[in-house]
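Chemist: One structure follows; several queries about it will come next.
Please treat every number below as a calculation from the coordinates, not as lab data. These numbers come from a predicted model, not from an experiment. With ideal geometry, Cβ positions are generated from the backbone for all residues, glycine too; neighbour counts draw on all protein chains shown.
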Amino acid sequence: MGDQQSPINIGRTVTTPDLVDQLEIGWRPDRFSVRDGPDGVRLVPLGTHTAHLSDQAYRLANLHFHRPSEHWVRGRPMQAEMHAVHLRVDDRLHACVIAVFLDLEGGPGEDGTGEPPTEVDLPALLPDGGFHRYEGSLTTGEFTENVSWVVMREPVVVADGGLRAFVRAHADHARPVQPLNRRFVLTTG
Ligand SMILES: [Zn+2]
């Protein structure tokens, strides 16, 4: 393993407002197939969802969840975290993971049964506001340092009771936070 590992504690950041123009997320509501792998349950979209980060095009490969969150904010974990893993369209060797902190308490209605959801309203899981950016690694498997991380600053309230129950029952564990070393975390301010 190298010195650019994930997750990290997000503490001091460097504010760069120009970053906001460099991220475009093209998510739509979609259906998902459920794959139960060695790293946990992965939801694989049936349709195509793209994200552009700094002129690079990425395509959504899977969604999965961690509880508590893997990234910490100012020394503390959040309730839960969604990872939307996108692979670079050119070569599929580099990933852009869009991470969203989840609020499992504030949503309406009853929780579901805990079964993996087969439909997800992805745009409803994208909070308003800015994001953090840093270069890091996968947090499972080989911990490969090929990930451009986008960590949304604001948590999103999960309105889908089925998804809330699934994350409570079956989310992956969190890898401990790793040293930042010589990296910077950029933020949109
Ligand atoms: Zn993950």
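Chemist: Label points 7 Å out from Cα along the Cβ direction at Arg12 and Val73: separation in nm?
Modeler: A separation of 2.1 nm, rounded to one decimal place.
Chemist: Per residue of the stretch 14-29, in order, report the coupling 6.51 cos²θ - 1.76 cosθ + 1.60 (Karplus, θ = phi - 60°) as ³J(HN,Hα) in whole Hz, putting x for Gly and Pro.
Modeler: After applying 6.51 cos²θ - 1.76 cosθ + 1.60, I find 9, 7, 9, x, 4, 4, 5, 7, 9, 10, 10, 10, x, 8, 10, x Hz.
Chemist: OK, next. Counting only other residues whose beta carbon sits under 13 Å from that of Phe184, what net charge do I get with K and R as +1, D and E as -1?
Modeler: Surrounding charge for Phe184 is +3.
Chemist: Taking N as the number of residues in the chain, what is its Cα Rg relative to 2.2 N^0.38 Å? Provide the component values of the computation, followed by the final result.
Modeler: Values: Rg = 15.5 Å, N = 189, 2.2 N^0.38 = 16.1 Å.
Compactness ratio reported: 0.96.
Chemist: Around Arg42, with a cut-off of 9 angstrom between Cβ atoms, what is the net charge of the other residues, counting Lys and Arg +1 and Asp and Glu -1?
Modeler: Numbers: positive: Arg35; negative: Asp36, Asp39.
Neighbour charge sum, excluding Arg42 itself: -1.
Chemist: By how many nm would the segment from Glu115 to Gln22 grow when fully extended, if each residue of separation counts as 0.36 nm and the alpha-carbon distance is taken off? Display every interim value, and only then the final one.
Modeler: Values: separation 93, 0.36 × 93 = 33.48 nm, distance 3.59 nm.
Extra length from Glu115 to Gln22 when fully extended: 29.9 nm.
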